[in-house]
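The structure appears right after this line, and notes come after that.
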Amino acid sequence: MGEKLLYKIHVTGRVQGVGFRWNAVREARNNGIYGYVKNLSDGSVYLEAEGSREKLDSYVNWCKKGPGYAFVESVTVDALPPVNYTEFRIEY
């Protein structure tokens, strides 16, 4: 596995009320990604995800599609040094 990174991901569009967070958790856990996801008050979703660049890039591609009822308008990503999350969870 390559160097571990932290991606801060911001997703806009119809991404709340469509199971985005629950599916993001499932997708992350299935792919060995750690961090969290949460809804923001502006209707968007924010994620912090840690893992290898390859796994994170694949995860970002999933975020660009989201679950079935989502409509993703944009995804922005900032790469930073990891903070060593130990699980992937939903924050409220």
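The values are calculated or read from the model by the stated rules, or taken from the named source; none is laboratory data. For clarity, every value in this text was computed on a predicted model and none was experimentally measured. Because the Cβ atoms are built from the backbone with ideal geometry, glycine has one as well, and the counts that use them run over all protein chains shown. We work out accessible area using only protein heavy atoms, side chains counted, and drop any ligands, DNA or RNA first. Shrake-Rupley method; radii C 1.70, N 1.55, O 1.52, S 1.80 Å.
Checking every residue in region 71-79 against the condition of being surrounded by 17 or more Cβ atoms within 10 Å (Cβ to Cβ) and in a loop (DSSP other than H, G, I, E, B) gives zero matches. Restricting attention to region 2-41, the residues that are at positive phi and either under 10 Å from the mean Cα position of the chain (by Cα) or open to solvent by 70 Å² or more (accessible area, probe 1.4 Å) (or both) add up to 2. Does Glu50 count as acidic (Asp, Glu) and open to solvent by 20 Å² or more (accessible area, probe 1.4 Å)? When the stated conditions are applied, Glu50 does not pass them. Against the condition under 17 Å from His10 (Cα atoms) and open to solvent by less than 30 Å² (accessible area, probe 1.4 Å), how does Val60 come out, does it pass? Yes; evaluated as a whole, the condition is true for this residue.
Selection within region 81-92: residues that are surrounded by 11 or more Cβ atoms within 10 Å (Cβ to Cβ) and within 14 Å of the chain's Cα centre (by Cα). The member of this set that is nearest to Ile33 (Cα to Cα) is Phe88.
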